[in-house]
Amino acid sequence: MRGLHFQKEPYAEDKLIHCLKGRVFDVIVDLRKDSPTFGEHITAELCVGKGLLAPKGCAHGFLTLEDESELLYCCTTAYHADSASGIRWNDPALNIEWPFEPIVISKADETRPTLEEMHALSLL
């Protein structure tokens, strides 16, 4: 699993996600405070040849459904480590119906703050 990641301003990015191999369950969460869909998400199953756009201000994450799955990201901004952030993949308020519990997940992704915690701390 790759948890729900995004880059904060001024390094926010549009991200085109394209599946090169295998299958993944892909999630995009709207974190744009002024958006009518703030806090809502979409999911899609990506397989070879399928892609999805995660606009600036949205978090992106995925869960592989097949071993050795590969994704290619095309981003409008270079990665900037100090701008990297994320929200908890299993935040109950987001109500994302993941197909199963992740087998492999980073410690950072396990301990990310919820959307409510990010908002309360003015981290969005």
(request) Assess whether I28 counts as being free of Cβ contacts under 8 Å to residues at least 40 places away in the same chain, surrounded by fewer than 20 Cβ atoms within 10 Å (Cβ to Cβ) and either touching a Cys at 6+ places or on another chain (Cβ under 7 Å) or in a strand (DSSP E or B) (or both). (result) no
(request) Report yes if some residue within segment 73-96 is outside any strand (DSSP E or B), under 15 Å from K21 (Cα atoms) and in contact with a Phe, Trp or Tyr (Cβ under 8 Å, 6 or more places away or on another chain); otherwise report no. (result) no
(message) Restricting to segment 39-65, give me the number of residues that are under 14 Å from the mean Cα position of the chain (by Cα), in a loop (DSSP other than H, G, I, E, B), on the phi < 0 side of the Ramachandran plot and of a type outside the set (D, E, K, R).
(response) 1
(request) Taking only segment 99-114 into account, find how many residues are surrounded by 15 or more Cβ atoms within 10 Å (Cβ to Cβ) and in contact with a Phe, Trp or Tyr (Cβ under 9 Å, 6 or more places away or on another chain). (result) 4
(request) Within segment 68-87, track down each residue that is out of contact with any helix residue (DSSP H, G or I) (no Cβ under 6 Å at 6 or more places or on another chain) and either among the aliphatic types (A, V, I, L, M) or over 19 Å from P55 (Cα atoms) (or both). (result) E68, S69, E70, L71, L72, A78, A81, D82, A84
(request) Confirm whether S69 is closer than 23 Å to E117 by Cα and of a type in the set (S, T, Y). (result) no
(request) List every residue pair whose Cβ atoms sit under 7 Å apart, with the two residues 6 or more apart in sequence or on different chains, where the first one lies in segment 66-93 and is loosely packed, with under 12 Cβ neighbours inside 10 Å and the second, anywhere, is in a strand (DSSP E or B). (result) E66/R23; E68/K21; L72/H18; L72/L20
(request) State all residues of segment 104-122 that are in a loop (DSSP other than H, G, I, E, B) and either touching a residue at least 40 places away in the same chain (Cβ under 8 Å) or on the phi > 0 side of the Ramachandran plot (or both); if no residue qualifies, say none. (result) V104, I105, S106, R112, S122
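No value in this document is a laboratory result; all are computed from the given coordinates. On a predicted model such as this, the values are computed, not experimentally measured, just so you know. Reconstructed Cβ throughout: ideal geometry from the backbone, glycine too, with neighbour counts over all protein chains shown.
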